[in-house]
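The values are calculated or read from the model by the stated rules, or taken from the named source; none is laboratory data. This is a predicted model, so every value here is computed, not measured. Virtual Cβ from ideal backbone geometry, glycine too; neighbours counted across all protein chains shown. Surface areas here come from the heavy atoms of the whole protein model, side chains and all, with no ligands, DNA or RNA. Shrake-Rupley method; radii C 1.70, N 1.55, O 1.52, S 1.80 Å.
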Amino acid sequence: MTKGIVFDISAVGSSIVGLVSNAVRAEVKLAVYGAENAGELDMALEKAGLCASDFDCIVYAKEVERGKPHGDAYRYCTLKLGLSHEECVVVETSVDGHRAAKDALCRSIGIFGGVGNASFEDQLEAGADILYKSLFQFPAFSSLEEFDGLILSETKAFYDKTIIGDLLFNALDVQNNAYAPYSKFKVGAALLTEKGNIYKGCNVENASFGGTICAERGAAMAAIAAEGKTALKLLAVASSGDDPAPPCALCRQFLSEFMSPYAQVYMISSTSGVVRHYSFGTLMPCSFTEF
Ligand code: THU
C-alpha cells in the first residue's frame, strides 16, 4: 500500500501545493529532500505556499554523500518515514531523479511540463510510473485508501496509453506461443530497441533440458537478427504464477551486452495482472564483461 510521498524541493516547484494539502488531510506521510539548509528550505516552501510542519521528515542535501542517480537520498527518506520502499512514491522531474528513485526501489511520479524538466519520453524511459504535465493534474483524495487506489489506477492508465502497455500486451500475446511441455511454465518477452521496434520471444523447451531457450533470449535474438547490434531500451516479461517472474541469471548476463543499467525491465503475471519493474542494473549489478 502506498503510504508516503517523497519530494525533491529543488526539482518540484509550487505545483506540489495541492498534492501536499491532500496528503496532510489524508494522513499520507510526507518527506522533503534537496534543500541545502533550513533557511533555503523555508524560502522554497514559502514560495510554494507551504511550511516545514506539513512534512513528517526533512533530509538536507548535505546529509547524503552520494547524489542522484544514486538512490541514497530516497532510501534515507523512506527509512526516516518508517516506511518500506514499496510504500513510498517519489515525485521527480529529471532522468537522474527517476534513476535515483528506481535505485531506491521506489515508484515515481514525473512532471514534464516546466522549465528545465526532462521530456515525457526521457522520463518514461528512466522508469517513471506516471507522468503529468503538471502535478495539479493529480486527482484530489481525502483518505489513505483513496490515495493508494489512485496511485494504482493512475499507474495502470499510464501504462495502458504508453509504450509500456504495448510491450506488456506483446509479452502476454507471445506467451501463448511458448513451447513448455516439460515445465508447463509459459513465458513471453517483448523488447523495445533504440530504433523504436518491438521484438518478441517465448520459451522453447527441449527434451534434453539443457537445450531450452528462455523467452528473453529468444526476443533478444530476434532483435539482433533484425537490426544488428542495438541498444535494448525496455523489456517486458509475462509469466504465469501470481508473482511476476524476473529474467533468469543466464538471460541477465546475456542481455547485459545490449541493455544499459538504467533500462527498465517490466514483469507481468498473466494470472494476477500484477506488474513490477526494476532497472536492469538492479537486476544485474555485476555482469561478466572482460576476459
Ligand atoms: N524461463 C524463461 O523463459 N525465462 C526466464 O527468465 C525464466 C525461465 C523458462 C525456461 C523454462 O522453459 C521454464 O521457464 C521453466 O524454467
Set Lys68/Lys156; Lys29/Lys195; Lys47/Lys80; Lys156/Lys186; Lys3/Lys68; Lys156/Lys200 screened for pairs whose C-alpha atoms are more than 30 Å apart: Lys29/Lys195
Residue-normalised accessible area of region 4-161, given per residue in Å² at a 1.4 Å probe: 44
Can you tell me which of 173-182, 194-203 comes out highest on packing, and rank the rest after it, using the mean Cβ neighbours within 10 Å? 194-203, 173-182
Taking the chain as a Gaussian network, Cα atoms linked when under 10 Å apart, which of Phe209, Phe147, Phe258 shows the biggest mean-square fluctuation? Phe209
The value for the chain (convex hull of the alpha-carbon atoms, volume per residue, Å³) is 134
Region 1-75 and region 236-291: distance between their alpha carbon centers, rounded to Å: 31
Cα-only Rg/Rh for region 214-281 with Kirkwood Rh rounds to 0.97
Residues meeting the amide H criterion for Gly114 (H placed from the backbone, H to H distance under 5 Å, 5 or more places apart or on another chain) are none
Which of the three applies to region 153-198, rounded, prolate or oblate, going by the alpha-carbon gyration tensor with a ≥ b ≥ c and a/c under 1.5 meaning rounded? oblate
Restricting to Cα pairs below 8 Å that are 6+ residues apart, what does the relative contact order work out to for the chain? Please round to a whole percent. 13
Vicinal HN-Hα couplings computed from phi for region 247-262 (Karplus, 6.51 cos²θ - 1.76 cosθ + 1.60; Hz; Gly/Pro x): x, 5, 4, 5, 5, 4, 4, 4, 6, 4, 7, 10, 10, 6, x, 8
Once the mean 1/r over all distinct Cα pairs of region 72-179 is inverted, what Kirkwood radius in angstroms do you read off? 15.0
In the chain, carbon and sulfur make up what percent of the accessible area (probe 1.4 Å)? 55
In what sequence, highest mean first, do 98-105, 16-23 appear when ranked by Cβ atoms within 10 angstrom? 98-105, 16-23
Taking θ = phi - 60°, what integer Hz values does the Karplus form 6.51 cos²θ - 1.76 cosθ + 1.60 yield along region 122-137, in sequence order, with x for Gly and Pro? 5, 6, 4, 5, 6, x, 4, 8, 8, 10, 10, 5, 9, 5, 4, 6
Taking R0 as 30 Å, what FRET efficiency do you get between Tyr182 and Arg276 from their Cβ-Cβ distance, rounded to the nearest 0.05? 0.70
antiparallel share of DSSP beta bridges within the chain, to nearest 5, in %, is 40
Compute the orientation-averaged projected area for region 123-251 from the convex hull of its Cα atoms and round it to one decimal in nm². 9.7
May I ask for the equivalent-ellipsoid semi-axes of region 4-161, computed as the square root of five times each C-alpha gyration tensor eigenvalue and listed largest first in whole Å? 20, 18, 16
